[in-house]
Amino acid sequence: MKSSVSPPVSRPNFLASLWEFSRPHTIIGTSLSVWALTLLAVTPETFTGSYSWAVLGAWVACLAGNVYIVGLNQLTDIDIDKINKPHLPVAAGHFSRKTGWWIVWFCGGLALVLSAASGLWLGVTVWVSLAIGTMYSLPPVRLKRFPLLAAMCIFTVRGVVVNLGLFAHFQAMLQNPVVITPTVWLLTGFIVVFTVAIAIFKDVPDLEGDRQYQITTFTLLLGKKRIFQVSFGIILACYMAMILGGIFLETDLNPPLFIGAHVFLGGLLWWRSRGVNLEQKEDITDFYQFIWKLFFLEYLLFPLAHWL
């Protein structure tokens, strides 16, 4: 006779859970932004050993700050995540709440200390980012309750603070005058607007949990279809703006590569959007991850077009 007892479900090991807790897509985005702005600030002959150590310190500080922000968000949303994202470590019980708080406070402290020891501009970048991330998640402020303010938090940190602050930090490390170049302004403008699309679309897969816990989002206010259309339109407008920028602005970017890549990415976005079924959560989640991949590509494309 076969036993009716189900075999025990194995838990991921600590490192695997920590990786999931850090929200890998945000870790990748943070890493790419650090290294892209590094490459935009230097030329091959100025990328010395001492400079690379400064970059490594900035990278670790930014990664620690990233884990603090996304971890804090999870720890204040455990009940909601049990509905929207039950795979996350705290919601799934792979981490205790106490362990999560230890990780968050350690990473937050590490980010603050490293950035403060690395210079004014990195200190400002990390401290401002952590302050906004704290206000986004933590009561009584909890800005994520308000759709417009929540979106502003995301594009302010990802778009303005990170790009301008890190570029200024790397220029200062080279003992250069801090001057934001047209190329970095163009990148910053793209990321600011693109992040608006991420900020409003990220809640589409989380509709049920947000509704149950009365978290007001643009998806609840406008509906999934409308948010999908708006996000698509914003990203397509970003690509059109980059094409025009490559034609009319005086930057140090390779025009054929830069313009051609954005024509291709705009077409890819249009093609990919046609296959999304908004009634299937898996389709929505896949498209959201696709948007993040487009975000990642921009941080690869700008340095490549710059160095070529």
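Points to keep in mind about this one:
- When the chain is treated as a GNM with alpha-carbon contacts under 10 Å, the residue of GLY267, GLY189, GLY100 showing the greatest mean-square fluctuation is GLY267.
- When the square roots of the Cα gyration tensor eigenvalues are ordered a ≥ b ≥ c, the ratio a/c for the chain is 1.5 or more and a/b does not exceed b/c, which makes its shape oblate.
- Fluctuation leader among SER22, SER96, SER129 - the chain, Gaussian network, Cα springs under 10 angstrom: SER96
- Volume of the convex hull of the range 13-179 (Cα atoms only), normalised per residue: 115 Å³.
- Modelled spin-label separation between ALA131 and SER50, with each label point placed 7 Å from Cα along the Cα-to-Cβ direction: 3.2 nm.
- Across LYS144/LYS293; LYS202/LYS281; LYS202/LYS224; LYS85/LYS225; LYS144/LYS281; LYS225/LYS293, pairs whose alpha-carbon gap is larger than 18 Å: LYS144/LYS293; LYS85/LYS225; LYS144/LYS281; LYS225/LYS293
Rule-based calculations on the coordinates, nothing more; no lab input. Quick caveat, the model's predicted, so the values are computed rather than measured. All Cβ positions, glycine included, derive from the backbone under ideal geometry; neighbour counts span all protein chains shown.
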